[in-house]
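Participant: Encoded as structure tokens, here's the structure I'll be asking about.
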Amino acid sequence: MGLSVAGGRMNDVVIHVTRTTGLVGRARQLADLRAAYAVARAGEPVTVLVGGEAGIGKTRLAEEFVAEVAAGGTRAVAGQSVPLDGEGPAFAPLVGALRGLHAEFGAQRLLELAGPGGEALAGLVPELGVAPAEGPEGRGRLYEVVTSLFERVAADRPLVVVLEDLQWADSPTRDLLRFLVRGVRDAQLMLLVTYRSDELHRGHPLRPLLAELDRLRQVRRIELPRLDADEVVQQLRELLGRPPERAHVDRVVKRSEGIPFFVEELAHADHGCAELPGSLRDLLLVRVEPLSEEAQRLLRLMSAAGNRVDHSVLEMVAGEQSGPLETALREAVSAGVIVVDGDGYAFRHALLREALHDDMLPGEHARMHARYAQALEAHPELMPNTPTAAEVAHHWYSAHDVERAFAWSLTAADELVRSYAHATAQQLLERALELWDQVAEPERVARSDRLDVLIRAATEAYAAGDFERTLSLVKEALRLVDRAADPARAGWLLALQGNVKNRLGRHGAIEALMEARELIPAEPSVQRAEALDWLATMLMLDWRFDECLAIADEAEQVASATGLDRIVASAQITRGTAWVHVGDAEKALAELRRAGPTATAEPDHLHRYFVNLSDAYTLLGRYRDAVDVATEGYEHARNRGRKRTSGVVLAGNAAEPMLALGDWERAERMIERGLELVPPPNHERHMIGLQAWLGLWRGDVDAAAAAVERLRAGMTRRVVLPQDSRLVARLEADVALAQDDPERAWATVAGEIGAHADAAVPGYDLPLAFAGAQALGARIRSAGTADGFESDAAWLRALTADAARGWPVGVWTVLVEAELAGLGGTDVEAWDRALTALRAAEGPVHLVPYAGYRLGQALAATGDRDHALDALRQAAAAADALGAALFRGWIDAFSRQAHLPLVSGVPAPAAPSGLTVREHEVLRLVAAGRSNREIGEELFISAKTASVHVSNILAKLGASGRGEAAAIAHRDGLLDTAAS
């Protein structure tokens, strides 16, 4: 017996150690656990996934490790999943761990350790009070609180949390574990999770979670192999207390197949002479068969409860006098089938329980489950601190009592919602729908019609974040609803469908909400207000601003009449954001700030208010204000216990203005942390883009290109918002330019703007226009002439002028003008203006070295080498200060090509035959047959300057023409001298 259930409730666990032998064949795995623990002790949380087939010794390994670290002062708690087909107590293994902490700290101290929002723990541990009713918001808060609690408990000394048998865990447990592994930081915490690998069939819900966790650096996997023959012999020797006989060893090695639990069973079953059972199932029942019929019947009854049962529950269910019950229990304990565990009893191994449960006859199976259901239904005080409705519903369903299973499934769903187990509540509501046609009066029992239960199931699926299932349930509900007779419910279902389609990136979201608006009665109602609010938001995100503003006005009117301040604030946020996008900056900021007091008081809109306001400041080039607002929003989220959900998105929203301000290291940490916690898809896309830009500016072009491919691949599977497609297009254009592919850069910009040509959105269009200008200038320089590019330049200038009308940010316009100055040539004054504008603005600072580089090129082209060198040196210093290796590389390449040494005091190379260095470069190109214009393009000088250099060369060499000058250069080895 290992880490077992105890403490008077089915889902409580303590460390309960009963050793039968030493730990055999697990030295390497134990060493791996110790290594992981050392990392956790150093303050880096670690999760270890221990997998193996049933009976392989996962619990035995865990108990050995826990006993070892606990002896050194480590705090350890544990929890175990309940094998009730996913219908058992919500969050069962985590509840067990929390109860272990509650037993040590008490309710008050535990709530203090949990921090802001700690009252949400009462949904799992009722002794802590009454959990607040928060809907979907409560689920996220609960995840935050559990994570914060483990962090704080692990602050003073290491904490090991053991979660056993995750293959039986419900969906809420898996979701919370996913969040916990990603969310916990800077704590001496080790999570040790066990699961049966042989039960993970292709569709098992644990498989995708394990695959996801495997990719995280803080997660380690241990797979327990079977014992080899020598290890089986060693285990047998310890079990028998003497060397086993050779024939006995051969039989056990062959039949056990190296599974330690079966080795133990065979050692006791064989005794060196008895014939072995025909199957492993029979083997598991060997210890049971010699027991009295009363003891065997009691064990089968216990198996219906799961791995463990309280004495008080068993006594009620058994219906026996205390004498006969205790006699049967003593007999079973003496036979080693069960062990005493706190104030109850647990099977020595889960496989024993499963074999007994499977051995029951169908009628017996139903009767025994019915007895548990009757006992718990009549006496819920038997389990005073654990929600029991889900267990009662499970037992009635297993007993095939349709009427009672139906009623209790509905009751259990309500109970589970209060525990934030929305996914399990959805499962039980779907169970009720499955039984609907088998119940005599389902509407009377449910106190609603089938459609209402279906809508409830869809709502719980939505609250659980299972949007695919939500969509399926809504589709079925829409099939059943009569739109003419029941427009309100039909409209609400369409609104929910539109909202979910938007979250999934599916087509038809706006259309569904438009139809919902037509169906839901026009009088004020919560449903109409929420539908209008969703519709206004989606229209704004789709850049349909006129429609958005009209719907936002209507949403605010309905919400005001209904007293829904949160939707009033949401409409104001939507309206303000739309005004930012159309260029009415001050009006937009005033509207967003007006929403502030209500939004910050409403958890659902706190996140959106600060994200949209900080984004508005970023678009307007007010980067310091953007950082301040995002940071303030993060503090609000942290104080509400939401720093890892709403907070991490806000932290990510601070990263973009930090990049613009040059605070790259801090921005990088925020981006990395945000991506670790898997933000919503649109925010994840934003963070991937920011991470790629940072890498690109630092010189990692390949990583940025890979990010573009990843983003493009994701966009093919979803409806992509214009703001997201603009971001990806800018990034792709920048990568193409870094790869010296201006044609692809131009095609990307032109294609993206052309796809949304009906809406001029300056905050997005002007930076994209600058990328287009860079690409166009490079195309013209590559072609060597501006002929044929006039229409592209005119289109780009018109786009820039249209987007810049009334827009307070002038930096992008100046940059576009500088790139287009001279239609691909160079213009000193234009780049000087651009550099001055960038230095006067707050950012983006990464463009300062770029503009300095382009100014240096322009000055060199005019022959003003001294000022060109000064501009290049300043640009190089700015690039070095940022760590902008991409631009520093461009600056270095040009300085070498133009012979403008960036380090002062470096002498220019000596030139042969009286030619200057520049004249020798020109001679090399003359010898290659280049024209004056081509020489000028190669050396970044004008064709006229090139002509002057050619005339000087002819004079110094005494050559009558370009051909003779080339012949002299080859004859005298002048070209070879230059190459050296």
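The values are calculated or read from the model by the stated rules, or taken from the named source; none is laboratory data. Bear in mind that the values here come from a model prediction, so they are computed numbers and not experimental data. Backbone-built Cβ (ideal geometry, glycine too); neighbour counts: all protein chains shown.
Participant: Please state which of the following conditions Phe261 fails to meet, knowing it meets all the rest: (1) without any contact (Cβ under 8 Å) to a residue 40 or more places away in the chain; (2) within 21 Å of Val193 (Cβ to Cβ).
Facilitator: (1)
Participant: Kindly indicate whether any position in the range 877-888 is part of a loop (DSSP other than H, G, I, E, B), closer than 22 Å to Glu938 by Cα and modelled with pLDDT under 95.
Facilitator: Checking the range 877-888: not a single residue is part of a loop (DSSP other than H, G, I, E, B), closer than 22 Å to Glu938 by Cα and modelled with pLDDT under 95.
Participant: For Gly788, only one of the following conditions fails: (1) over 25 Å from Trp890 (Cβ atoms); (2) outside any loop (DSSP other than H, G, I, E, B). What is its number?
Facilitator: So the condition that Gly788 fails would be (2).
Participant: In addition: Run down Leu224, Leu291, Leu299, Leu210 and say which single residue is surrounded by 18 or more Cβ atoms within 10 Å (Cβ to Cβ), modelled with pLDDT of 90 or more and over 49 Å from the mean Cα position of the chain (by Cα).
Facilitator: Every option except Leu291 fails the conditions.
Participant: Would you mention how many residues in the range 154-165 are assigned to a helix (DSSP H, G or I) and either surrounded by fewer than 23 Cβ atoms within 10 Å (Cβ to Cβ) or in contact with a Pro (Cβ under 7 Å, 6 or more places away or on another chain) (or both)? If you could, list the steps in order and put the result at the bottom.
Facilitator: As a first pass, look at the range 154-165 and keep what is assigned to a helix (DSSP H, G or I): 154-156.
Within this subset, residues satisfying the condition of being either surrounded by fewer than 23 Cβ atoms within 10 Å (Cβ to Cβ) or in contact with a Pro (Cβ under 7 Å, 6 or more places away or on another chain) (or both) are 155-156.
Total meeting the criteria: 2.
Participant: Scan (1) touching a residue at least 60 places away in the same chain (Cβ under 8 Å); (2) out of contact with any Leu (no Cβ under 7 Å at 6 or more places or on another chain); (3) buried (at least 19 other Cβ atoms within 10 Å of the Cβ); (4) not aliphatic (A, V, I, L, M) for the single condition Gln426 breaks and write down its number.
Facilitator: Failed condition: (1).
Participant: Say we look at the range 699-751 and pick out the residues that are without any contact (Cβ under 8 Å) to a residue 60 or more places away in the chain and of a type in the set (Val, Ile, Thr); which of these is surrounded by the fewest Cβ atoms within 10 Å (Cβ to Cβ)? Break it down stepwise before answering.
Facilitator: To start, the set of residues in the range 699-751 that are without any contact (Cβ under 8 Å) to a residue 60 or more places away in the chain comprises 700, 702-716, 724-737, 739-751.
After this cut, where a residue has to be of a type in the set (Val, Ile, Thr) as well, the list is 708, 716, 728, 735, 748-749.
Details: Val708: 22, Thr716: 7, Val728: 22, Val735: 25, Thr748: 25, Val749: 27.
Top of the filtered list is Thr716.
Participant: Restricting the search to the range 37-68, which residues are surrounded by fewer than 22 Cβ atoms within 10 Å (Cβ to Cβ) and assigned to a helix (DSSP H, G or I)?
Facilitator: Of everything in the range 37-68, those that are surrounded by fewer than 22 Cβ atoms within 10 Å (Cβ to Cβ) and assigned to a helix (DSSP H, G or I) turn out to be Ala38, Val39, Arg41, Glu64, Ala67, Glu68.
Participant: Considering Ala651, Ala660, Ala616, which residue is over 28 Å from Arg141 (Cα atoms), touching a helix residue (DSSP H, G or I) at 6+ places or on another chain (Cβ under 7 Å) and of a type in the set (Gly, Ala, Ser)?
Facilitator: On inspection, the qualifying residue turns out to be Ala660.
Participant: Could you check the range 230-259 and list, in sequence order, the residues that are among the β-branched types (Val, Ile, Thr) and assigned to a helix (DSSP H, G or I)?
Facilitator: Correct list: Val232, Val233, Val249, Val252, Val253.
Participant: Let me ask something else about it. Which of the residues that make up the range 761-785 are more than 24 Å from Glu709 (Cα to Cα) and either in contact (Cβ under 8 Å) with a residue 60 or more places away in the chain or surrounded by fewer than 18 Cβ atoms within 10 Å (Cβ to Cβ) (or both)?
Facilitator: If the condition is that a residue be more than 24 Å from Glu709 (Cα to Cα) and either in contact (Cβ under 8 Å) with a residue 60 or more places away in the chain or surrounded by fewer than 18 Cβ atoms within 10 Å (Cβ to Cβ) (or both), then Val761, Pro762, Gly763, Arg781, Ser782, Ala783, Gly784, Thr785 are the ones that fit.
Participant: When you go through Leu820, Leu872 one by one, which is the residue that is in contact (Cβ under 8 Å) with a residue 12 or more places away in the chain, over 37 Å from the mean Cα position of the chain (by Cα) and more than 19 Å from Leu737 (Cβ to Cβ)?
Facilitator: Of the residues listed, the single one that is in contact (Cβ under 8 Å) with a residue 12 or more places away in the chain, over 37 Å from the mean Cα position of the chain (by Cα) and more than 19 Å from Leu737 (Cβ to Cβ) is Leu872.
Participant: Continuing with this model, one more query. Criterion first (out of contact with any Ser or Thr (no Cβ under 9 Å at 6 or more places or on another chain), under 30 Å from Leu416 (Cβ atoms) and part of a helix (DSSP H, G or I)) does Leu493 satisfy it?
Facilitator: Answer is yes for this residue.
Participant: Restricting to the range 585-602, name every residue that is of a type in the set (A, V, I, L, M, F, W, C) and either modelled with pLDDT under 85 or under 32 Å from the mean Cα position of the chain (by Cα) (or both).
Facilitator: Of the residues in the range 585-602, the ones of a type in the set (A, V, I, L, M, F, W, C) are 585, 588-590, 592, 595, 599, 601.
Matches in the range 585-602: Ala588, Leu589, Leu592, Ala595, Ala599, Ala601.
Participant: Name the residue, out of Leu549, Leu535, that is over 22 Å from Pro487 (Cβ atoms) and in the same structural domain as Gln497 (by TED's automatic domain parsing).
Facilitator: Leu549
Participant: Among the residues of the range 227-237, which ones are surrounded by 14 or more Cβ atoms within 10 Å (Cβ to Cβ) and of a type outside the set (A, V, I, L, M, F, W, C)?
Facilitator: Glu231, Gln234, Gln235, Arg237 - these are the residues of the range 227-237 that are surrounded by 14 or more Cβ atoms within 10 Å (Cβ to Cβ) and of a type outside the set (A, V, I, L, M, F, W, C).
Participant: Of all the helices (runs of 4 or more DSSP H) wholly in the range 530-625, which have at least 1 residues that are closer than 25 Å to His507 by Cα?
Facilitator: Working: elements: 545-562, 565-582, 585-601, 603-619.
Correct list: 545-562, 565-582, 603-619.
Participant: Considering only the range 560-584, state which residues are farther than 17 Å from Ser646 by Cβ, among the hydrophobic types (A, V, I, L, M, F, W, C) and under 33 Å from the mean Cα position of the chain (by Cα).
Facilitator: Once the filter is applied, which keeps residues that are farther than 17 Å from Ser646 by Cβ, among the hydrophobic types (A, V, I, L, M, F, W, C) and under 33 Å from the mean Cα position of the chain (by Cα), the range 560-584 yields Leu564, Ile567, Val568, Ala571, Ala578, Trp579, Val580, Val582.
Participant: So, one more: Do we have any residue at all in the range 860-867 that's surrounded by 24 or more Cβ atoms within 10 Å (Cβ to Cβ), part of a helix (DSSP H, G or I) and aliphatic (A, V, I, L, M)? It would help to see each step written out before you state the result.
Facilitator: Within the range 860-867, the first condition is being surrounded by 24 or more Cβ atoms within 10 Å (Cβ to Cβ), and the residues that meet it are 860.
Still in the running and part of a helix (DSSP H, G or I): 860.
Next cut, aliphatic (A, V, I, L, M) only: 860.
Checked against the condition, which is being surrounded by 24 or more Cβ atoms within 10 Å (Cβ to Cβ), part of a helix (DSSP H, G or I) and aliphatic (A, V, I, L, M), the range 860-867 yields at least one hit.
Participant: Hey, Leu882 hits all of (1) surrounded by fewer than 24 Cβ atoms within 10 Å (Cβ to Cβ); (2) in contact with a Leu (Cβ under 7 Å, 6 or more places away or on another chain); (3) touching a residue at least 60 places away in the same chain (Cβ under 8 Å) but one; which does it fall short on?
Facilitator: Answer for Leu882: the failing condition is (2).
Participant: What are the pairs, 6+ residues apart or on separate chains, where a residue within the range 951-963 that is of a type in the set (Lys, Arg) has its Cβ under 7 Å from a residue that is not in a helix (DSSP H, G or I)?
Facilitator: Going by the 7 Å Cβ cut-off, the qualifying pairs are Lys956/Leu915.
Participant: Check whether at least one residue in the range 604-622 is buried (at least 21 other Cβ atoms within 10 Å of the Cβ), over 21 Å from the mean Cα position of the chain (by Cα) and farther than 21 Å from Leu541 by Cβ, and report yes or no.
Facilitator: Checked against the condition, which is being buried (at least 21 other Cβ atoms within 10 Å of the Cβ), over 21 Å from the mean Cα position of the chain (by Cα) and farther than 21 Å from Leu541 by Cβ, the range 604-622 yields at least one hit.
Participant: Tell me the residue from Leu356, Leu382, Leu416, Leu410 that is touching a strand residue (DSSP E or B) at 6+ places or on another chain (Cβ under 9 Å), surrounded by 21 or more Cβ atoms within 10 Å (Cβ to Cβ) and not charged (D, E, K, R), please. I'd like the intermediate steps shown before the answer.
Facilitator: Working: Leu382 fails: surrounded by 21 or more Cβ atoms within 10 Å (Cβ to Cβ); Leu416 fails: touching a strand residue (DSSP E or B) at 6+ places or on another chain (Cβ under 9 Å); Leu410 fails: touching a strand residue (DSSP E or B) at 6+ places or on another chain (Cβ under 9 Å).
That would be Leu356, the only listed residue that is touching a strand residue (DSSP E or B) at 6+ places or on another chain (Cβ under 9 Å), surrounded by 21 or more Cβ atoms within 10 Å (Cβ to Cβ) and not charged (D, E, K, R).
Participant: Right, something else. Does any residue of the range 647-656 turn out to be surrounded by fewer than 19 Cβ atoms within 10 Å (Cβ to Cβ), outside the structural domain of Gly118 (by TED's automatic domain parsing) and closer than 24 Å to Ala733 by Cβ? It would help to see each step written out before you state the result.
Facilitator: Of the range 647-656, the ones surrounded by fewer than 19 Cβ atoms within 10 Å (Cβ to Cβ) are none.
Among the residues of the range 647-656, not one is surrounded by fewer than 19 Cβ atoms within 10 Å (Cβ to Cβ), outside the structural domain of Gly118 (by TED's automatic domain parsing) and closer than 24 Å to Ala733 by Cβ, which makes the answer no.
Participant: Could you list all residues from the range 542-601 that are in contact with a Lys or Arg (Cβ under 6 Å, 6 or more places away or on another chain) and over 30 Å from Ser725 (Cα atoms)?
Facilitator: Listed by number, the list holds a single entry, Val558.
Participant: Exactly one of these conditions fails for Glu443: (1) within 23 Å of Arg367 (Cβ to Cβ); (2) modelled with pLDDT of 95 or more. Give me its number.
Facilitator: (1)
Participant: Got a number for residues in the range 302-347 being surrounded by fewer than 23 Cβ atoms within 10 Å (Cβ to Cβ), touching a residue at least 40 places away in the same chain (Cβ under 8 Å) and part of a loop (DSSP other than H, G, I, E, B)?
Facilitator: The total comes to 5.
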